[in-house]
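Every number in this text was worked out from the coordinates using simple rules, so none of it is lab data. Please read all numbers here as calculations on a predicted model, not as lab measurements. Here the Cβ is made from the backbone with ideal geometry for all residues, glycine too, and neighbour counts use every protein chain on show.
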Amino acid sequence: MALVSAVIGVAVMLLSAPVTEGAARVAALGLGHSVAQLAGMVALLVGLSRRTGHAVVPGALARVAPLSAAVAALAWWVVEAVDPAGRAATAGLLTAVGLLGAGAYVGGLRVLGFTSRRHPAEPVTVPEGGA
């Protein structure tokens, strides 16, 4: 499947490169790479789900994705609003925003009713003859 996802990415690049130029062409090439990565990820998810016999994606993903997006958008807005000058100021701001964002995410998980796991996950068993 890796070859198929690579061919899909190359096809996107070949179709988009002739109709773009400059920075748009670089973005189109990046889009082709991203499409190839996405196709490979989908193939891995499907393959792992079939091999293990259960979903690889956690069921709670749909509940936490909006929380993640909201925290990320807020963090981006803060960095844009502050607009630090220099490497040290940027590093300090990113550290503070990262720590506060992590706290906001954990707090949001608590509000949504998620609790920490206090026991290890069930072991994954590989079927006979599997790798």
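Within the stretch 19-38, being in contact with a Gly (Cβ under 7 Å, 6 or more places away or on another chain) and under 15 Å from residue 1 (Cα atoms) holds for 35, 36. Taking the criterion of being in a helix (DSSP H, G or I) and polar (S, T, N, Q), would at least one residue in the stretch 29-38 satisfy it? Looking for residues that are in a helix (DSSP H, G or I) and polar (S, T, N, Q), one finds at least one in the stretch 29-38, hence yes.
The residues listed here are 98, 59; of these, the one that is loosely packed, with under 12 Cβ neighbours inside 10 Å and out of contact with any helix residue (DSSP H, G or I) (no Cβ under 9 Å at 6 or more places or on another chain) is 59.
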